[in-house]
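The values are calculated or read from the model by the stated rules, or taken from the named source; none is laboratory data. Everything quoted here is computed from the prediction, not taken from an experiment. Here the Cβ is made from the backbone with ideal geometry for all residues, glycine too, and neighbour counts use every protein chain on show.
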Amino acid sequence: MLGFVITFLIGVCIAYVNYRLTAKSAKNPTGQFAVVSLVRQFLNFGYLAAVFFVAPLTPWDRTWMLVGAVLGVTLPLFVFTFLLLRQVNAERNDRAEEETKGGEK
């Protein structure tokens, strides 16, 4: 079970890095979103492949390590996506309020 916990926690860290990359690219309207999406997928698949190939070198079961890695990358994704959507919607509402108030000066 220690392998499960370790790979889960590393997966959570990777999910957080993906969240920060996406949040940063969402603020920049320069078209970086496609590139960031590719980077995110590379991180996810690279991490899973690394766990698959490194697991036999550890004393833990490969299956539980892979399950921990998958859950670590996937479960926080829901939380981070909710946070990102809330942030983007708040910024959009702020911009809409500024536009309506801008003509009243």
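Quick notes
- When residues of the range 51-61 are limited to those that are part of a helix (DSSP H, G or I) and surrounded by 13 or more Cβ atoms within 10 Å (Cβ to Cβ), the one modelled with the lowest pLDDT: Ala55
- Residue count for the range 13-45, restricted to those that are outside any loop (DSSP other than H, G, I, E, B) and either of a type outside the set (Gly, Ala, Ser) or under 12 Å from Val70 (Cα atoms) (or both): 23.
- Pair list, Cβ < 8 Å and 6+ apart or interchain, from the range 87-98 residues that are more than 17 Å from Ala23 (Cα to Cα) and in a helix (DSSP H, G or I) to residues that are among the β-branched types (Val, Ile, Thr) and modelled with pLDDT under 75: none
- Any hit, the range 62-76, residues being at pLDDT 85 or above, surrounded by fewer than 10 Cβ atoms within 10 Å (Cβ to Cβ) and within 21 Å of Gly11 (Cα to Cα): no
- Restricting the first member to the range 2-14 and to residues that are on the phi < 0 side of the Ramachandran plot and in contact (Cβ under 8 Å) with a residue 60 or more places away in the chain, and the second to residues that are outside any helix (DSSP H, G or I) and of a type in the set (D, E, K, R), the beta-carbon pairs closer than 7 Å and six or more apart or on different chains are Gly3/Asp61.
- Subset of the range 19-50 [under 28 Å from Arg62 (Cβ atoms), loosely packed, with under 14 Cβ neighbours inside 10 Å and not polar (S, T, N, Q)]: Leu38, Phe42, Phe45, Gly46, Ala49, Ala50
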